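Let me begin by presenting the structure, written as structure tokens, before commenting on it.
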Amino acid sequence: MSPVAVVVGPPGAGKTTVGEGLAAALGLPFRDTDADIVAGAGKPITEIFTDDGESAFRLIEERAVATALAEHAGVLALGGGSVLSPVTRALLAEHTVVFLNVGFAEGVRRTGLSAARPLLVGINPRARFRELLDERLPLYREVATVEVLTDALTPDEVVAELVASLPARPGGQAADGTGSAADPAGPTAGTTADQTADQTEERR
């Protein structure tokens, strides 16, 4: 059993919203590892960070991702920092991974630098957000099969692009039900490399 698509990306990229929409479009179940972690711990992620520390959370997250990758056959969304784990990145090499990218300004607008996001709590959450983007962007791209820059797109538009871009599903059909599929050899960008670089400079 393996997910049809695993969705990764920074805070504000729309992983849950797009993941749910993609699952609905494909007629598949949706699962979110952050929700799995909250259910297993019996408390919000912010409290896990406060009570146990980030290192403990990352270990819990690593285990939750491994379990979900082995169990789930639909669309799976991972937490923004899940790609920090070398173990998780190695596991993702065997899966179709969707990287939802978002520029710094748009990411700040979408998140509102919410206190509900434990890594954005502090004296200068904007600077911390920029650090997170710079640190994680190479890791997202390391694991990505498909990349979509979401800044100018609605969730429905992102879903439509993914349905058209995802590699073939078992049986030789693309995710959109046709007989063709995107080349899975490397990221299929929603923008050119130069455009993505320009967005990255805004920095998410």
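All of the numbers you see were taken from the coordinates with simple rules; none came from a lab. Everything numeric in this text was worked out from a predicted model, so none of it was measured.
For this structure, a couple of remarks:
- Spherically averaged projected area in nm², based on the convex hull that wraps the Cα atoms of the stretch 9-109: 6.8 nm²
- The share of C-alpha pairs in the stretch 15-56 whose separation exceeds 16 Å stands at 48 percent.
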